[in-house]
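The next block holds one structure in the form of structure tokens; read it before the comments.
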């Protein structure tokens with residue numbers, strides 16, 4: 001960023017958790033209203049590949065326009081499980097961050113042997129017209145590749161995408177895990193407030209400024225408050241002064257800086273259709289040519305919420321149970337003393353909640369014993 005007067009104004013005292021990395025796509029729009037002239041001086045960076053190594057050995061099973069489908073499989077036995085990573089600002093390494101902080105690792109340790117991951121691509125100029133349908137379509141190709149019915153594990157915004165998929169293709173989903181997933185945005189949260197506060201025109205300007213895409217690098221730069229070591233320790237749920245802590249802190253900071261660009265069409269649909277108009281919960285969302293009815297989702301569901309999650313409050317994350325057609329006896333729910341990132345990266349969450357999820361995925365739910373709500 002240039003120094004001197006060519007610097008955007010900062011924001012303090014917002015009173016929300018908008019310093020969370022997964023909120024920056026919305027906070028950037030809010031700040032853009034205050035920095036319109038500075039914003040016009042910027043240029044949109046080209047997407048770059050990550051330089052960070054994966055925690056779990058994997059290979060690329062498919063190269064699709066929206067993603068690389070990563071195969072982390074240990075044994076060719078059992079139902080396939082596809083982890084649907086968030087596609088908001090950061091890379092899919094959020095699901096395979098480090099030993100003891102990895103969703104993929106926890107699934108494998110828990111005996112889920114066939115694990116796959118959606119490694120979403122940063123948007124290039126030719127991707128600017130990709131829509132939510134584009135991502136649902138490639139998700140369908142991925143599940144056909146690994147073999148339906150599959151277990152679908154949606155993290156944050158990967159959660160509403162997974163839920164849409166399960167409603168659109170109910171016979172292709174064996175079980176559904178939704179972790180910190182925003183679905184009913186009528187339930188108040190920092191995420192829904194930030195999306196609604198900026199005029200629609202501001203989001204259009206963000207896309208126009210990026211040449212049809214939304215720049216992840218510029219969204220990150222727009223937010224003046226960087227995460228402190230204490231913030232990161234809270235997310236990772238461990239002391240960073242202990243052995244291995246400094247290396248983990250450095251890895252987090254590098255991951256945080258490796259942002260992704262989002263296709264403009266996809267971004268505007270999320271902002272307007274999901275976060276402003278609440279179409280999924282209202283039954284007004286059309287996916288791949290068909291209106292979505294969440295009552296078509298009848299697969300067993302596990303909902304995981306964070307008690308300290310200000311991005312997707314526990315009440316919002318757990319309210320999805322009332323929207324779907326799954327019988328209550330086959331809906332499991334758990335909450336953890338965790339913030340939003342801690343649901344995916346936190347050491348305590350991986351020690352307590354994720355073993356329960358893997359047990360649930362591998363269990364016989366015929367009697368509904370493990371499906372009782374916690």
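The values are calculated or read from the model by the stated rules, or taken from the named source; none is laboratory data. Since this is a predicted model, take the numbers as computed values, not measurements. We place every Cβ from the backbone using ideal geometry, glycine too, and count neighbours over all the protein chains shown.
Here the condition is being on the phi < 0 side of the Ramachandran plot, surrounded by fewer than 20 Cβ atoms within 10 Å (Cβ to Cβ) and part of a loop (DSSP other than H, G, I, E, B); of 57, 86, it holds for 57 alone. Selection of the range 147-175 for residues being surrounded by fewer than 21 Cβ atoms within 10 Å (Cβ to Cβ) and out of contact with any helix residue (DSSP H, G or I) (no Cβ under 8 Å at 6 or more places or on another chain) yields 147, 171, 174.
For the range 75-108, a tally of residues being under 12 Å from the mean Cα position of the chain (by Cα) and within 16 Å of residue 176 (Cα to Cα) returns 4.
So that you can scan it fast, the table gives a plain yes or no per residue for (1) at pLDDT 95 or above; (2) under 17 Å from the mean Cα position of the chain (by Cα); (3) closer than 19 Å to residue 140 by Cβ:
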site: 165; (1), (2), (3): yes, yes, yes
site: 203; (1), (2), (3): no, no, no
site: 223; (1), (2), (3): no, no, no
site: 236; (1), (2), (3): yes, yes, no
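Counting only residues that are assigned to a loop (DSSP other than H, G, I, E, B) and free of Cβ contacts under 8 Å to residues at least 40 places away in the same chain, how many does the range 273-289 have? Summing the residues that are assigned to a loop (DSSP other than H, G, I, E, B) and free of Cβ contacts under 8 Å to residues at least 40 places away in the same chain in the range 273-289 gives 4. Only residues that are farther than 23 Å from residue 345 by Cβ and assigned to a loop (DSSP other than H, G, I, E, B) were counted across the range 122-152, and they come to 9. Considering the range 104-121, and only residues there that are part of a loop (DSSP other than H, G, I, E, B) and out of contact with any strand residue (DSSP E or B) (no Cβ under 8 Å at 6 or more places or on another chain), the residue that is nearest to residue 341 (Cα to Cα) turns out to be 110. Residues in the range 339-354: is at least one free of Cβ contacts under 8 Å to residues at least 40 places away in the same chain and outside any helix (DSSP H, G or I)? Checked the range 339-354: no residue is free of Cβ contacts under 8 Å to residues at least 40 places away in the same chain and outside any helix (DSSP H, G or I). Does residue 286 fit the bill of being more than 29 Å from residue 104 (Cβ to Cβ) and crowded, with 21+ Cβ neighbours inside 10 Å? Criteria not met by residue 286.
Regarding the range 343-350, can at least one residue be identified that is surrounded by 17 or more Cβ atoms within 10 Å (Cβ to Cβ) and closer than 26 Å to residue 168 by Cβ? Yes - at least one qualifying residue is present in the range 343-350. Evaluating residue 101 against the criteria (1) over 21 Å from residue 166 (Cβ atoms); (2) touching a strand residue (DSSP E or B) at 6+ places or on another chain (Cβ under 9 Å); (3) surrounded by 20 or more Cβ atoms within 10 Å (Cβ to Cβ) leaves one unmet condition, (2). Evaluation of residue 323 against the conditions (1) modelled with pLDDT of 95 or more; (2) closer than 28 Å to residue 105 by Cβ; (3) more than 16 Å from the chain's Cα centre (by Cα) shows that the sole unmet condition is (2). The listed residues are 136, 108, 130, and the only one of them that is at pLDDT 95 or above and within 19 Å of residue 360 (Cβ to Cβ) turns out to be 108.
Applying the criterion of being surrounded by fewer than 21 Cβ atoms within 10 Å (Cβ to Cβ) and modelled with pLDDT of 90 or more to the residues of the range 208-221, the residue that is nearest to the chain's Cα centre (by Cα) is 212.
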